[in-house]
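Below: the structure, in structure tokens.
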Amino acid sequence: MEGAVQNGVDGIVAECGGNCQCATCHVYVEEKFLSLLKPMAEDEDAMLETTASPRKSNSRLSCQLHVTPAFDGLVVHTPPTQQ
Amino acid sequence: MGVVIIGGGQGGFQVAASLRAEGYQEPIALVGDEPNIPYQRPPLSKGFLVGKQEQRHAELRPAAFYEAQRITLVTARATAIDRQARRVTLDSGEHIEYDTLVLATGARNRVLPHDNVLYLRTLAEAAEIRQRLTAANDVVVIGGGFIGLEVAAAARTLGKQVTVIEGQPRLMARVVAPAVSEYFRGQHEAKGVDVLLNTQLTGITENEVLLGQRTRRPADLVIAGIGVEPNVELAREAGLPVGNGITVDKYLRTPDEQIFAIGDCAECPSLFAEACVRLESVQNAVDQAACVAKAIVGHRAPYGAVPWFWTDQYDIHLQMAGLPMGFDQVVTRGDPESRKFSVFYYRAGKLTAVDSINRPADHMLARKLIGAHATVSPDQAKDESFDLKTALS
């Protein structure tokens, strides 16, 4: 999420600043990368139920995805709306 | 000419960013009196103090954003508004002319009549507290509100001896129900914080605080979080009406058609309270900023966003939706023993606010329920087998 905001990706609102409190940094992760990501915590799971665009099996909140070298090449898609 | 925004906090920043997002093409000047580019304040009393978050992570956008978006950052304090000439005077002696002026002047900390005490609002203040915390042993926090309790939690997390002094009979008394106050007192005490309620501070020395007539407590670092005063002087001196904030209408406009006011400094009618309200929150600043940006580009609509707030203390996330003022009934959903529950506030039978503790899904639903003025009876609210979503349809 921070990477997106700091680099001007418009599709990420991140109203709460990355605290898993607002569900406005929703992304769809390309399936083949899903296994690279740390499993989601209960908070994120609950917040994903409340996103403005529909939750899918590859939905994550980008504030909870802490980028590591293993993410090299990761592709995510922003949803049609965040609010 | 163009838009001049006074105040480089979250609200001021958001007006500028939203104006460009709305396609506004004229010049934008963002006047702020801090040396930093606009940053978020919420982390300053949370992750920043314990070293989990650094300054650059708090910046709302990188410096290059302002250049790319043609937003001029002016580091200065505005000293006067000449409404006839549509001109703002800066402490540098320079002037900036405007077509539209947005006052996002924020608030400043209330201060105690004592020395040897620190306050937390700005990055510079947070950095000083963080530095002083490294050497401190006995930390005394004056004020059991959000800021005080977040600082207490951070200091305790760092292993300090922490005392919280609160004059009221309970914590966060202005904003939450007794059940929530009690829960937080219990959690802080379980972590080893000494919470002193109904306690008056009478003095501070270099190594002690004096409470009441006789009690002394060791204190090598004293931090006060005792509320804020809105920065309304500029508006008042320009002849604009001021109540408990700069008075604006439902479009966030002052009686001067060219001047809006938003965020912590502004008082406006609310769909969620009986009276005009002045709210101190990120949500309020951001949503009011977006509303004003739309109005400036010609899409005027009344401000009507559901208020919400949050505080993090240890691993407890308290999220609040709506405005509980004047509540006459509360019910609890979930078991506080499970560390996950929500408190529903009612006024004359109407759901007005929900506080959620480690129940983020309840919070998000509560924002929708309150926004829709949906009906959820107290019996439904406390019945966990009742699906709150059904109240929305």
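When the residues of segment B:260-278 are narrowed to those that are out of contact with any Asp or Glu (no Cβ under 6 Å at 6 or more places or on another chain), in contact (Cβ under 8 Å) with a residue 12 or more places away in the chain and surrounded by fewer than 23 Cβ atoms within 10 Å (Cβ to Cβ), which ends up nearest to B:Q10 (Cα to Cα)?
Within segment B:260-278, the match that is nearest to B:Q10 (Cα to Cα) is B:E267.
Could you please give the count of residues in segment A:24-49 that are without any contact (Cβ under 8 Å) to a residue 24 or more places away in the chain and in contact with a Cys (Cβ under 7 Å, 6 or more places away or on another chain)?
1
For segment B:312-339, how many residues are on the phi < 0 side of the Ramachandran plot, out of contact with any Phe, Trp or Tyr (no Cβ under 7 Å at 6 or more places or on another chain) and of a type in the set (D, E, K, R)?
3
Can you confirm whether B:A63 is without any contact (Cβ under 8 Å) to a residue 60 or more places away in the chain, among the hydrophobic types (A, V, I, L, M, F, W, C) and more than 26 Å from B:R278 (Cα to Cα)?
The answer is yes for B:A63.
Among the residues of segment B:179-196, write down those that are in a helix (DSSP H, G or I) and either touching a residue at least 40 places away in the same chain (Cβ under 8 Å) or among the β-branched types (V, I, T) (or both).
Once the filter is applied, which keeps residues that are in a helix (DSSP H, G or I) and either touching a residue at least 40 places away in the same chain (Cβ under 8 Å) or among the β-branched types (V, I, T) (or both), segment B:179-196 yields B:A179, B:V180, B:Y183, B:F184, B:Q187, B:H188.
Could you give every pair whose Cβ atoms fall below 6 Å, whose first residue belongs to segment A:50-61 and is at negative phi and at pLDDT below 95, and whose second residue is surrounded by fewer than 15 Cβ atoms within 10 Å (Cβ to Cβ) and part of a loop (DSSP other than H, G, I, E, B), counting only separations of at least 6 or pairs across chains?
These pairs meet every condition: A:A52/A:T81; A:A52/A:Q83; A:S53/A:P80; A:S53/A:T81.
Quick test for you: out of A:C16, A:C63, pick the one residue that is within 12 Å of chain B (Cβ to nearest Cβ), of a type outside the set (A, V, I, L, M) and not in a loop (DSSP other than H, G, I, E, B).
A:C63
Considering each residue of segment A:19-48, count those that are of a type in the set (S, T, Y), part of a helix (DSSP H, G or I) and within 14 Å of another protein chain (Cβ to nearest Cβ), and give that number.
0
Here is a check on your reading of the model: is B:R333 farther than 28 Å from A:N19 by Cβ and over 20 Å from the mean Cα position of the chain (by Cα)?
no
The values are calculated or read from the model by the stated rules, or taken from the named source; none is laboratory data. In this text the structure is predicted, and so the values were computed from the model without any measurement. FYI the Cβ positions are ideal-geometry reconstructions off the backbone, even for glycines, and counts take in every protein chain you see.
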